[in-house]
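Peer 1: If you scroll down you'll find the structure; I have some questions about it.
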Amino acid sequence: MKTKITELFGIQHPIIQGGMHFVGFAELAAAVSNAGGLGLITGLTQRTPELLANEIRRCREMTDKPFGVNLTFLPIVNSPDYPGYIRAIIDGGVKAVETAGNNPQKWMPMLHEAGIKVIHKCTSVRHALKAEAIGCDAVSVDGFECGGHPGEDDVPNFILLPRAAESLKIPFVASGGMADGRSLVAALALGADGMNMGTRFIATKEAPVHEKVKQAIVAASELDTRLVMRPLRNTERVLHNAAVDRLLAKEAALGANLKFDDIIEEVAGVYPRIMQQGDMEAGAWSCGMVAGLIHDIPSVKELVERIMLEAESIIRQRLIGMIGA
Ligand SMILES: Cc1cc2nc3c(=O)[nH]c(=O)nc-3n(C[C@H](O)[C@H](O)[C@H](O)COP(=O)(O)O)c2cc1C
C-alpha cells in the first residue's frame, strides 16, 4: 500500500508503532520495521543519552529498515537532558522522530538539518495545526480511546480524524483504538494516511515485556480502562487494577486539593515493575480501550501481514462489492 506516510518514511506499510515507556526497546522497534512498518525506540526509557545511543546501535544490528525514536517532552520540573537525546538521535543516523507531550518547536531546526522527519503526536486539531505551523512533517492524531495520555478534550476518533482532515495540509496517521485491517481502512476513509498502534503491539511475541502484561491485555475488554490524573490535567488512560482503584479513591477524596505527591506511589517508577517483573498490581499503566479487540499474541510479522491482508480484502471485496464496481 502506498500513502503519503509510506512515502514520507520510506516504509512498506502505513503502520507506526507508537513510543511506549518500558515497551519500546530495540527488539520491538526492529520487529515492526522488519515487518514493513515504522518501529520506534522510546527515548526516555533509556536513562541517559549514552544509553539511547546504544539502543539505537542495537536496533540497527537487528534491522536494516528505517526506524525512529519517540521523544516525549514531559511536564516536569527536572527536565531530562533533551539536547543530549537529540544529539544521540542525530549521531545515530536515525531519520524519523515521533515527538509528544509538548511543542517540539525548539528542536525542529536541528532535526530538519539532520534530514530527520518529525511526526508530532497530539490529541486536538489545534495542536495538530500548531505542529503543522512549526514545520512538522506529519502528525499522529491520538483520539480519546487511546492508551496513555488522551489530553483533556475527550474527542473520539470518529470526530477527531475527519476534523483533522478538514484542517491539515500535512499528512496524519490515526492513533488510538487501532487494532486490525478494519481500523486501517476506517482510518484511511476518515482522511488519515496510516495508523499508529500502541496497545496492540504490546500483545505480540516480540514485545519485550512480561508475559503477564500481554495476558492482561488479551483478558481485558473495552470496559476495563480507567482515566486517572484528570484533576491534575494530566489524564492518562490505564488498565483497571487495585492500584488504580486506590488512586481514584484518593482523587475522589481530595478533589481539587489533589497534588502529584498524593498519588506518587501509584504512578511514579511503576513501569519497570509492571513491564519487566510482571507485578500487575504495582501501579497504573497505560492501556487503550482497544484491549477489547485484542484476542491473541501473534508475532509482529503475523500481525502486520494480517492487518494488510484484511485491509486489502475489505477494500477489494466488501467495499467495491457494495458499489458494484
Ligand atoms: C504502555 C504504554 C506506554 C506508553 N508510553 C508512551 C510514551 O512514553 N510516550 C508517548 O508519546 N506515548 C506513549 N504511549 C502512547 C502510544 O504511543 C500511542 O499513542 C497509544 O498507545 C495509541 O493508542 P492505542 O493504545 O489505543 O493504540 C504509551 C502507550 C502505552 C499503551
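Peer 1: Would you point out the residue of region 165-180, among those that are more than 15 Å from the ligand (Cβ to nearest atom) and not aliphatic (A, V, I, L, M), that is surrounded by the most Cβ atoms within 10 Å (Cβ to Cβ)?
Peer 2: Of all residues in region 165-180, those more than 15 Å from the ligand (Cβ to nearest atom) come to 165-171.
Applying the additional criterion that residues be not aliphatic (A, V, I, L, M) yields 166-167, 169, 171.
Details: GLU166: 9, SER167: 14, LYS169: 6, PRO171: 19.
Taking the candidates together, the pick is PRO171.
Peer 1: Would you mind stating whether ASP153 is within 16 Å of the ligand (Cβ to nearest atom), assigned to a loop (DSSP other than H, G, I, E, B), more than 17 Å from the chain's Cα centre (by Cα) and of a type in the set (D, E, K, R)?
Peer 2: yes
Peer 1: Pairs, please: C-beta under 6 Å, at least 6 apart or cross-chain, first residue touching a residue at least 40 places away in the same chain (Cβ under 8 Å) and in region 16-32, second assigned to a loop (DSSP other than H, G, I, E, B) and near the ligand (Cβ under 6 Å from one of its atoms)?
Peer 2: GLY18/GLY198; MET20/GLY198
Peer 1: Looking at MET1, MET20 in this structure, which one is in a loop (DSSP other than H, G, I, E, B), within 14 Å of the ligand (Cβ to nearest atom) and over 23 Å from GLY115 (Cβ atoms)?
Peer 2: Numbers: MET1 fails: within 14 Å of the ligand (Cβ to nearest atom).
Unique residue meeting the criteria: MET20.
Peer 1: Filter region 279-305 down to the residues that are over 20 Å from the mean Cα position of the chain (by Cα) and more than 14 Å from the ligand (Cβ to nearest atom), then identify the one that is surrounded by the fewest Cβ atoms within 10 Å (Cβ to Cβ).
Peer 2: Checking each candidate, the answer is GLU281.
Peer 1: Does GLY101 satisfy the condition of being more than 19 Å from ALA207 (Cβ to Cβ), away from the ligand (no atom under 12 Å from the Cβ), in the same structural domain as ARG200 (by TED's automatic domain parsing) and surrounded by fewer than 22 Cβ atoms within 10 Å (Cβ to Cβ)?
Peer 2: no
Peer 1: Name the pairs whose Cβ atoms lie under 8 Å apart, with the first residue in region 207-227 and modelled with pLDDT of 95 or more, the second of a type in the set (Ser, Thr, Tyr) and not in a strand (DSSP E or B), and 6 or more positions between them or separate chains?
Peer 2: LYS214/THR204; ILE217/THR199; LEU227/THR235
Table: residues versus (1) away from the ligand (no atom under 13 Å from the Cβ); (2) within 13 Å of the chain's Cα centre (by Cα); (3) among the β-branched types (Val, Ile, Thr); (4) modelled with pLDDT of 95 or more.
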site: GLY10; (1), (2), (3), (4): yes, no, no, yes
site: ILE16; (1), (2), (3), (4): no, yes, yes, yes
site: ALA26; (1), (2), (3), (4): yes, no, no, yes
site: ALA31; (1), (2), (3), (4): yes, no, no, yes
site: LEU44; (1), (2), (3), (4): no, no, no, yes
site: ARG47; (1), (2), (3), (4): yes, no, no, yes
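Peer 1: Do we find a residue being part of a loop (DSSP other than H, G, I, E, B) and touching a Gly at 6+ places or on another chain (Cβ under 8 Å) anywhere in region 291-299?
Peer 2: No; the residues of region 291-299 include none that is part of a loop (DSSP other than H, G, I, E, B) and touching a Gly at 6+ places or on another chain (Cβ under 8 Å).
Peer 1: Name every residue in region 145-164 that is surrounded by fewer than 21 Cβ atoms within 10 Å (Cβ to Cβ) and either touching a residue at least 12 places away in the same chain (Cβ under 8 Å) or of a type outside the set (Asp, Glu) (or both), in order of residue number. Talk me through it step by step, then tell me what you get.
Peer 2: Of region 145-164, the ones surrounded by fewer than 21 Cβ atoms within 10 Å (Cβ to Cβ) are 149, 151-156, 158-159, 162-163.
Within region 145-164, HIS149, GLY151, GLU152, ASP153, VAL155, PRO156, PHE158, ILE159, PRO162, ARG163 meet the criteria.
Peer 1: Confirm whether LEU71 is modelled with pLDDT of 95 or more and more than 30 Å from ARG182 (Cα to Cα).
Peer 2: no
Peer 1: Conditions: (1) aliphatic (A, V, I, L, M); (2) on the phi > 0 side of the Ramachandran plot; (3) within 10 Å of the ligand (Cβ to nearest atom). MET229 meets all but one. Number of the miss?
Peer 2: Of the numbered conditions (1) aliphatic (A, V, I, L, M); (2) on the phi > 0 side of the Ramachandran plot; (3) within 10 Å of the ligand (Cβ to nearest atom), the odd one out for MET229 is (3).
Peer 1: Here is a further query. Restricting to region 244-278, name every residue that is away from the ligand (no atom under 13 Å from the Cβ) and of a type in the set (S, T, N, Q).
Peer 2: ASN257, GLN277
Peer 1: Select from region 195-223 the residues that are assigned to a loop (DSSP other than H, G, I, E, B) and away from the ligand (no atom under 13 Å from the Cβ) and list them in ascending order. Give the steps one after another, and end with the answer.
Peer 2: First pass over region 195-223, keeping only residues assigned to a loop (DSSP other than H, G, I, E, B): 198, 203-210, 220-223.
Answer for region 195-223, where residues must be assigned to a loop (DSSP other than H, G, I, E, B) and away from the ligand (no atom under 13 Å from the Cβ): LYS205, GLU206, SER221, LEU223.
Peer 1: Now for a different question. Name the single residue that is nearest to ASP91 (Cα to Cα) among those in region 113-140 being outside any loop (DSSP other than H, G, I, E, B) and more than 16 Å from the ligand (Cβ to nearest atom).
Peer 2: GLU113
Peer 1: Name the residue, out of PHE144, PHE172, PHE158, that is out of contact with any Pro (no Cβ under 9 Å at 6 or more places or on another chain) and under 21 Å from MET20 (Cβ atoms).
Peer 2: PHE172
Peer 1: Being farther than 22 Å from ARG237 by Cα and either under 14 Å from the mean Cα position of the chain (by Cα) or not in a loop (DSSP other than H, G, I, E, B) (or both): is that true of LEU188 here?
Peer 2: Answer is yes for this residue.
The values are calculated or read from the model by the stated rules, or taken from the named source; none is laboratory data. As the structure is a prediction and not an experimental result, all values here were calculated from the model. For neighbour counting, all protein chains shown are included, and Cβ atoms are generated from backbone atoms with ideal geometry for every residue, glycine included.
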